[in-house]
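Read the structure below first, then the notes.
Bear in mind that the values in this text are calculations on the coordinates, not laboratory data. Note that the coordinates shown come from a computational prediction; the quantities given were computed from them, not determined experimentally. Glycine also receives a Cβ, built like all others from the backbone with ideal geometry; neighbour counts cover every protein chain displayed.
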Amino acid sequence: MAKPRLNVAMIGYDFMGRAHANAWRQVARFFADAPFQPVLKVVVGRTQDKVQEAAARLGFEEAATSWQEVVARRDVDVVDICTPGDSHAAIAVAAAEARKAILCEKPLANTLAEAQHMADAVRRAGVVNMVCHNYRRVPAVALAKRLIDDGQLGEIRHYRGTYLQDWIVDPSFPRVWRLQKARAGSGALGDILSHTMDLSRHLVGEPVEVSGLLKTFITERPLPEEPTRRAPVDVDDSAQALVKFDNGAVGYYEGSRFAPGRKNANRFEINGAKGSLVWDLERLNELELYVESGPLSGFRTLSVTDGQHPYIAAWWPPGHIIGYEHSFTHTVYDFLRAIAAGQSPRPDFQDGLRNQQVLDAIERSSATKQWMALPSHTSEEAP
Ligand SMILES: NC(=O)c1ccc[n+]([C@@H]2O[C@H](COP(=O)([O-])OP(=O)(O)OC[C@H]3O[C@@H](n4cnc5c(N)ncnc54)[C@H](O)[C@@H]3O)[C@@H](O)[C@H]2O)c1
């Protein structure tokens, strides 16, 4: 029987736009129980010829240059926000007011005030909403979550999360949007440490106090469109934080784009009373597990490619590995099921707001050289 169709409007079409478009195209082809058949209805950009080319390449029916008009269209069911952070709030609030389901790229917003505004808007409108922290849905990470929740590691003591890249080590690399506070909100902090922190909230517990350290190594860079002129960099190149969690665990986050040789080294190690887990995005199908087992104790590497593992049954036989792009297909799959159920999946905008509170506290802690306590939860916040 044909599935009901769900019309998707995607705003932005470059890196994340390509990843999301691929996920929307694939999800119902692989997940037989996906409750809808997504239709790539319209993609939005700022320049007519470029967005038209993107629509043809990515498989959208239409191209448009006004997100305001598109978000208000009656034939649009889902608004998928793949633009830099400076436009997330305006698009999401308009989409909520137009009663659309919303998938928004991370970090939710550029500021705490914007994140609050967005969380309020979706709550008022009662629309399904989700933030795209896709790494939660890598099968090895989902298995780690299952093992921790089952108590296999015992009480959790440590979370050690690092996300390292090297793409701006060269001082002559131009000042792209990710290096401007007005466009990106922050640097490594919001861009990559936000993923590390989101995984800690997913796997370990709620951060309650942080001590942050932000550092900008290269404070001026050439303008992309005019390389002979230089302009200030007003975001962090490296972001670190010591963290205390609500359950007594302690931890460490590090996000840096100044780690030569580390291309996308998103990694965590979790130590519990009875065992440890290690995961690294660059070997994303593997999960290293240590559990005390007498003289045969030792780390072993699980190949998380078995049909019994999370999400894998939709793909290939055991050992036929999957990749980065699948994490987006899994995100979209859970988002579709959430729309069918009328209940937002995690991480939702409330999680996005909480994440923004942590980012904000790290930033304030770095500026004041003091530990910062996080606001306590209200009943409306995620547990
Ligand atoms: N989930 C992840 O792992 C992940 C990875 C990379 C980026 N991101 C996030 O995705 C978002 C986009 O990042 P990206 O790497 O795709 O950026 P990008 O520069 O590759 O693409 C941005 C797109 O947005 C469009 N755009 C910019 N301003 C716009 C506006 N006002 N109206 C309409 N279109 C506009 C651009 O034309 C471009 O198509 C950011 O929030 C970023 O933090 C998430």
When DSSP assigns beta bridges and you keep just the ones with both residues in the chain, what percent turn out antiparallel, to the nearest 5? 60 percent
Could you compute the net charge surrounding GLU325? Neighbours are other residues with a C-beta less than 12 Å from the C-beta of GLU325; K and R count +1, D and E count -1. +3
Which listed pairs, of LYS145/LYS244; LYS274/LYS369; LYS3/LYS145; LYS41/LYS181; LYS145/LYS263; LYS3/LYS50, have C-alpha distances above 27 Å, in listed order: LYS274/LYS369; LYS3/LYS145; LYS41/LYS181; LYS3/LYS50
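Based on DSSP H runs of at least 4 residues, each adding -39500 (n - 2.57), what is the mean residue ellipticity at 222 nm of the chain after dividing by all its residues, to the nearest 500 deg cm²/dmol?
That comes out to -9500 deg cm²/dmol.
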Obtain the radius of gyration and the Kirkwood radius of the chain from its C-alpha atoms and give Rg over Rh. 0.96
Packing rank of 226-233, 239-246, 28-35, 309-316, where each peptide gets the mean count of other beta carbons within 10 Å, highest leading: 239-246, 309-316, 28-35, 226-233
With N denoting the number of residues in the range 45-195, provide Rg(C-alpha) divided by 2.2 N^0.38 Å, to two decimal places. 1.25
Per 0.36 nm of contour for each residue apart, how much would the distance between ASP166 and ARG337 grow if the chain were fully extended, relative to their Cα-Cα spacing? 57.9 nm
Can you compute log10 of I(q)/I(0) for the range 26-98 with the Debye formula, treating each Cα as one identical point scatterer, at q = 0.11, 0.16, 0.17 Å⁻¹? -0.31, -0.64, -0.72
Between GLN37 and ASP150, what length comes free when the chain is fully extended (0.36 nm per residue of separation minus the Cα-Cα distance, one decimal in nm)? 37.3 nm
So how do 288-298, 357-367 stack up, highest first, on mean other-Cβ count within 10 Å? 357-367, 288-298
Residues of the range 186-205 with amide N under 17 Å of the 7 Å Cα→Cβ point at HIS158: 200, 204-205
Pair ASN264, THR219: separation of 7 Å Cα→Cβ label points (nm): 3.3 nm
Can you check what the net charge comes to around TRP371, using other residues whose Cβ is under 9 Å from the Cβ of TRP371 (Lys, Arg +1; Asp, Glu -1)? 0
Could you list which residues have their amide H under 5 Å from that of GLY187, counting only those 5 or more apart in sequence or on another chain, with H placed in the peptide plane? ASP236
Taking H as built 1.01 Å from N, whose amide H comes closer than 5 Å to the amide H of GLU206, not counting residues under 5 places away? ASP246, ASN247
What span do the alpha-carbon atoms of the range 138-197 cover on each of the three principal axes, reported in whole Å from largest to smallest? 48, 23, 22
Run the simple label-point estimate for ARG230 and ARG123 please: 7 Å along Cα→C-beta, distance reported in nm. 4.6 nm
Once phi is turned into ³J(HN,Hα) by the Karplus curve 6.51 cos²θ - 1.76 cosθ + 1.60 with θ = phi - 60°, what whole-Hz value does each residue of the range 353-367 show in order, with x for glycine and proline? 5, 4, 4, 5, 5, 5, 4, 4, 5, 4, 5, 5, 5, 5, 5
